[in-house]
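Structure, as structure tokens:
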Amino acid sequence: MSTLRADVAIIGAGIGGMCAGALLSRAGRKVLVLEKSPLPGGRYTSVQYKGFTIPTASWMLLYGTSDPVYLTLEEIGAPPIEMRAPGTPVARYRINGRIYDWPPKGALRYLMEKAAGDPEEANRVMGALAQAMAHPPTESISFRDWLLRSTRNEAIHGIFQAQIATWCGMNAHDLPAREFIRALLSFRGRDTFRIPRNGLKDIIDALGAAVRAGGGEILTRTKATGIMVEKGIARGVTALRGSEAITIEARMVVSNIGPKKTVELAGREHFGEAYLRQAAEMRPAVGMDYLFITDRPLLDFPGTLYTTDTIRKEGWSVPTLMWPEHAPAGKHLLHAFAVPENIDSYDPVREYRILLQDLHTVFPDFEGAGGKLLLRRNFCGEWPCTRARQGQDMSHRTPIENLYNVGDGVKPPGWIVGAGAAQSGRIVAQEIIEALG
């Protein structure tokens, strides 16, 4: 058994752990990142698959130059990464068989007027939203039930369902109303999304370079087997690197593998009943992800088409309109994301059949464009959209001194998906920098 020493040991090289590691390294702390997979990045990177550049899960810097990931790159002094934004329109909505652009201003009101055909109904919903943004609901009510107080128009409900599915991996009848309001507020004043030239791998490579520049390491194919705790204080991590057992003595430990796994590694006896109960009740956000190959692009803009009149309310995009290099010459990617009606119990095969019905509704010339399936994925279990559904995230702090969680099980309120995971890493890095002095 070999022993390594570091100021901070980070378990998991997802975006939360990598942002924390890069910032800590920049601050002069020695960081060791343990990653059980062959490559860092987790669900926030890109890989090559049959000649295509595809994401492992996340596609983009959601908030563009306002994104926590982008801000981290600036703070560590990373070399510029070439990124592209979708331009205008950033999105379109299919409502009752017609396509409408998402305008730069007054978008929700405009779309609801088109959906309802009644400005007064749109005004009523907008008034309720404005009030909720000023005073987010505190009661336990789903967003769908909250919206039903203002409208029963299913086309209007479809607008919000499409957003909730693609942003949160949930349904309007599952998502607490206050959490959707928080998510809406998080987009205020933000930039539009960005996609790097080589996908999110460019981001992970830059963060990894910062860790190594500070004297740290990223140990891939290294699985954490335990978190060492003495008298209520985290002292380091035990791990297996191949067949070799290693011990990492560290002043601080950061876990990027979710609160449940953190408890398993540290031992339940170190956590109070309330913490254990909250971790046990955490449920993942899920979704079905589909990539199709076509001979020509089936959309004429590089943003997202939200469908409100299909069986599932989906988000569709053609990422190769932004970066043609992500596909072989003469080919394009068509991406779709959908959420099952029951996110706790569903049949992926049935969901794929439903998706194909929706595909042919939205793109009747799919076969004529040479369309065929490249890959379909079910984000659930150990590889979910996010480890915690919106509203179920836990604190980044744990009952064990010097042990923190980062990632998509501890997203700060209002933050969603990868941006929320990155923001948790930024928060923890700052707390550790202040604690270590």
Exercise. Only residues that are assigned to a strand (DSSP E or B) and surrounded by fewer than 24 Cβ atoms within 10 Å (Cβ to Cβ): list them for the range 225-243, please.
Key: Thr225, Gly226, Met228, Val229, Glu230, Ile233, Arg235, Thr238, Ala239, Leu240, Arg241
Exercise. Just name the residue that is surrounded by the most Cβ atoms within 10 Å (Cβ to Cβ) out of those in the range 182-199 that are at pLDDT below 95 and more than 17 Å from Val90 (Cβ to Cβ).
Key: Arg182
Quiz item: Is it the case that some residue within the range 339-357 is in contact with a Gly (Cβ under 8 Å, 6 or more places away or on another chain) and not in a loop (DSSP other than H, G, I, E, B)?
Solution: no
Practice problem: Kindly list the number of the only condition in (1) touching a strand residue (DSSP E or B) at 6+ places or on another chain (Cβ under 8 Å); (2) among the acidic types (Asp, Glu); (3) in a helix (DSSP H, G or I) that fails for Asp174. | Solution: (3)
Practice problem: Report, by residue number, each residue of the range 384-429 that is of a type in the set (D, E, K, R) and assigned to a loop (DSSP other than H, G, I, E, B). | Solution: Arg387, Arg389, Asp393, Asp408, Lys411
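Residues that are farther than 30 Å from Thr361 by Cβ, at pLDDT 95 or above and small (Gly, Ala, Ser): find the strands (runs of 3 or more DSSP E) completely inside the range 244-327 holding 1 or more of those.
Correct list: 244-255.
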Quiz prompt | Restricting the range 269-296 to residues that are farther than 17 Å from Trp316 by Cα and among the basic types (Lys, Arg), the residue that is surrounded by the fewest Cβ atoms within 10 Å (Cβ to Cβ) | solution = Arg277
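The values are calculated or read from the model by the stated rules, or taken from the named source; none is laboratory data. Keep in mind that what you see is a predicted model, and the values were worked out from it rather than measured. For neighbour counting, all protein chains shown are included, and Cβ atoms are generated from backbone atoms with ideal geometry for every residue, glycine included.
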